[in-house]
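This is the structure, below, for whatever I ask next.
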Amino acid sequence: MQVLQVQLEVGPDPAEVGRARRWARSRLVGSGIGDDEPLAETLILLISELVTNAVVHTGCPAVLRMLFGSAGAVGTVRVEVADASGCPPQPRHAEGDDTNGRGLELVDGLADRWGWQPEGAGKQIWCEVDSGMPLPARAASVVPAVPVVVPAAPFGVQRTATGATGVPVAPVNGSGIAQSRNA
């Protein structure tokens, strides 16, 4: 199965989270996932939480990636956010009226699988949402399948959008965690 990957470089400013949401929403629509579908809303919330965590807790730029399976395949959308901080994510538990500390709890509750792994000098936090439905046949033709490279990424991120086979799966070993609600 071929995977289509798109990515966006996000600056270390909380205002960038809104830009990342708008960009992601347009890519979802371009892949055939309707703007008002529950799947789109779930993915946008996950993206918002992961990008917020990256820029607020690290103060570093980040790279947001979305990976879509090939047209006609049962759809799993994978979201990855890579940043330059090597510190592992720290899940917290918010109490009562706390205004933050719920991000990874939301990711755990909404994603079918999630985890993190080292990437270069930093890390990548990822999650996957299964749509349970085939992706529309127009997905591959609407979202341009062109190489996407982040130039001058401070932590050496350079990956292309085409040529991959299969959805990458994070290794489960001593250097990272992988979690699944459905396992």
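Take the residues of the range 1-47 that are closer than 17 Å to W114 by Cα and open to solvent by 20 Å² or more (accessible area, probe 1.4 Å): which is farthest from the chain's Cα centre (by Cα)?
Result: L39.
When you look at V56, is it farther than 20 Å from A111 by Cβ and either part of a loop (DSSP other than H, G, I, E, B) or open to solvent by 30 Å² or more (accessible area, probe 1.4 Å) (or both), yes or no?
The answer is no for V56.
Which residues, taken from the range 1-38, are among the acidic types (D, E), in contact with a Leu (Cβ under 9 Å, 6 or more places away or on another chain) and part of a loop (DSSP other than H, G, I, E, B)?
If the condition is that a residue be among the acidic types (D, E), in contact with a Leu (Cβ under 9 Å, 6 or more places away or on another chain) and part of a loop (DSSP other than H, G, I, E, B), then D35, E37 are the ones that fit.
Next up: Please identify the pairs in which a residue from the range 1-22 that is within 15 Å of M66 (Cβ to Cβ) has its Cβ atom under 6 Å from the Cβ atom of a residue that is aromatic (F, W, Y) and surrounded by 16 or more Cβ atoms within 10 Å (Cβ to Cβ), counting only partners at least 6 apart or on another chain.
From the range 1-22, the pairs are L4/F68; L8/W23.
I've got another one for you. Go through the range 74-183 and tell me which strands (runs of 3 or more DSSP E), entirely inside it, have 1 or more residues that are at pLDDT 50 or above.
It comes to 74-83, 113-119, 122-134.
The values are calculated or read from the model by the stated rules, or taken from the named source; none is laboratory data. Being a predicted model, the structure only gives us computed values, none of them experimental. Quick reminder, even Gly has a Cβ in these numbers, built from the backbone with ideal geometry, and neighbours come from all protein chains shown. These accessible areas exclude ligands, DNA and RNA; they are computed on the full protein's heavy atoms, side chains included. Shrake-Rupley method; radii C 1.70, N 1.55, O 1.52, S 1.80 Å.
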